[in-house]
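To keep things clear, I will list the structure first and then write my remarks on it.
What follows is calculated from the coordinates using simple rules that are stated; it is not laboratory data. None of the values given here were measured: they were computed from a predicted structure. Quick reminder, even Gly has a Cβ in these numbers, built from the backbone with ideal geometry, and neighbours come from all protein chains shown.
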Amino acid sequence: MSKTKGILTIMLAAIIYGFTPILGKLTYIEGSNTLSLTFYRSFLSLPILYLILKVKHVSLKVTKQEFAKLSFLGILGPSLTALMLYGAYNYISVGMTTTIHYIYPVLVTAVCIIFFKEKISKEKIIAVILSTIGICLFFEGDLSENLIGILLALFSGFSYGAHILFIDKSGIKGMYPIKFSFYSCLASSIFLFFFGIATKTLVFEMSVIGWLYTILVSILVSVIANSLMPIGIKHVGSTVTSIVGMFEPITSVIMGILFLSEPFTFKNMIGSTFIIIAVLTLTLAKEENVENIIK
């Protein structure tokens, strides 16, 4: 029963992550923009996260070191990653953006190989080759039109990969998930507010529908999905989580076709398949290595 619960939990989180970009893109039509959506996604979730912590009787106290790490993560993940990811939607389709972004495990591995001189395994080579081919298959029409969106999606993957690595190495991964999310969203909100005011890009007026879409994105991502993932990992482990998490790019592609009438060619389908196989190959290889070390 616990395994089934874990798989269903992760699947729901992945579907939410894959669906919310559609809502995000719809907020642009209603008067929002990339920075505003990113800011409100974090800011509007704070009262709900705070209430949950109070109901659960979880202390909000953190050390200065923990606060510094959480602030850095809040700027790196919910701020920079989301800004680049949502910014890419202005140039390329939701499906293409999410699929390219979702190769972050491959990108992180490439960085480790180049800069940290990690041993290159057969699985890593296959993953890098497949993901590169997959990205190239998305290049259609005028490259100058799509290049900005592709780069934003790629760099959002790098940023998210760095976010995950820092969580793993910083010693705060054991913190209560809602507490972690609260401080991360708080740091993100403060940073984005002052950045938005300074650049005059923060929107305070939207249509009623735009506000509803924005609130929905905040609740679905910052409150629900971000809390579901740790629960799923607890029940089924990281290998199954990574595999079931593949529903995210698949969901984005399908939703982009259904709700935004985004084009999806056979070439795009092959590209998505290559990227998903690359990530899956790398994920399974890493897990096998860990299991072998434990044994």
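With R₀ fixed at 35 Å, the C-beta to C-beta distance from K267 to V111 puts the FRET efficiency at about 0.80. Listed cross-link partners K5/K56; K69/K169; K25/K267 are compared with a 20 Å cut-off, the Cα-Cα value being larger for K5/K56; K25/K267. Multiplying the residue separation of I231 and K169 by 0.36 nm and subtracting their alpha-carbon distance yields 20.3 nm. Placing dummy labels 7 Å off each Cα toward the beta-carbon, the span from S59 to I148 is 4.9 nm. With a Förster radius of 35 Å applied to the C-beta separation of S121 and L260, the computed FRET efficiency comes to 0.35. At a temperature of 10 °C and a viscosity of 1.306 mPa s, determine how fast segment 29-109 diffuses translationally according to Stokes-Einstein, using the Kirkwood radius over alpha-carbon pairs as Rh; express D in µm²/s, rounded to the nearest whole number. Reported coefficient: 105 µm²/s.
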